[in-house]
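The values are calculated or read from the model by the stated rules, or taken from the named source; none is laboratory data. None of these values were measured; they are calculated from a predicted model. Neighbour counts are summed over all protein chains in view; Cβ atoms, including those assigned to glycine, are modelled from backbone coordinates with ideal geometry.
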Amino acid sequence: MKRLTTLALLAGLLASCGESTASGPSALQRAESLLAAGDQNGLSTLLAGPDAAELPEALRVDLEAKLAVAQDDVPKAERLCREYLEAHPGEAGVAYTLTDVYLSIGAGDLAREVIDRTLAANPEACKMHYYSGVLHGSKRRLDKAAEAFQEAERCGFHSPDLEYNLAVLDQNQGRVEESIGRLRELRETQPEWRNVRRELARGLIAKGDQASMDEAQLLLDELSAVIESEIVIDETHDGVGQGDWRVWELLGLHAEKQGDLQAAQLYYVEALKAGENPPQVEEAYLRVSEQLLEGGQSELVPVREENTDLPPISAGMQQRFDEAKKKKQREQQGSESQDDAATDGL
């Protein structure tokens, strides 16, 4: 039986809405039980029957829309929510569901419309500030995302997703200790959330003292072991599905900060392969490679044809490779000229 994870979020709300009656469980309590069990058929029967009239209208619409989403009928979910919100523009629960629908299909402009209209009618719809932050973040408007997430917190909205986003923003804005504190608390309540462990490792590496570096290493060892266990091996590929490139990036940063440039370079190669050349990893790979080249410990290999371990690189990175190789060649030619001059002088 398919479990309705989106619907299960309503279980707590339903529990607070209904009480037992002498004749048996109320419609609210039956809905709660069906949601907890992930019973689509049972919930459909309840919503189609006479007992559905016991449910508050907004909650009934919300349940019907979430059920439609669980049944992959997004157009029906959208229609149900829109029709209800036309008459009740400030109803937060249905508006949240419609915003979720739009975000899930990448319709950011429609989500923004719902957010703005809902907040205009109901300033206490605090989760809308969180959704606004998500939209700004998806467009890399980090300052606006930070403002929206902070407004959601001030308004009284709390969730693990919000705490995670605030932690990432703290880190991006240099508040490393604050970020680490939020992530430690999140890890207590969300022990299986990999991104929390990953970003905690990032914060600890940024902090940089030996105790923090040791703790980061333990976290990264856990994460890399999980990634490696998930790589699918087949007859034609060494590994399909390289996992979260950010973990390989962090392993590279950790090794680089510890002074092991050759290990860092190898980790960055893994991050380049897994993430299809994220710009920040290109930059890190090139930074380490140039240092190794200057020390005579490595050669720059700029194109996939010469090194199949690397994906195709960007034009900007190609230019940096070319400049670094030309610099190395000039230095070698200068050294040879000095050797010839010294020999002539003997």
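The single condition among (1) assigned to a helix (DSSP H, G or I); (2) surrounded by 15 or more Cβ atoms within 10 Å (Cβ to Cβ) that Glu113 does not meet is (2). Yes or no: Glu124 modelled with pLDDT of 90 or more, surrounded by fewer than 22 Cβ atoms within 10 Å (Cβ to Cβ) and not aliphatic (A, V, I, L, M)? Yes; evaluated as a whole, the condition is true for this residue. Scanning the range 149-164 turns up no residue that is over 16 Å from the mean Cα position of the chain (by Cα), under 30 Å from Glu64 (Cβ atoms) and of a type in the set (Lys, Arg). Could you please let me know if Leu220 is touching a helix residue (DSSP H, G or I) at 6+ places or on another chain (Cβ under 6 Å), assigned to a helix (DSSP H, G or I) and over 30 Å from Asp109 (Cα atoms)? Judged against the criteria, Leu220 is a match.
Only one of the numbered conditions (1) at pLDDT 95 or above; (2) on the phi > 0 side of the Ramachandran plot is violated by Glu199, and that is (2).
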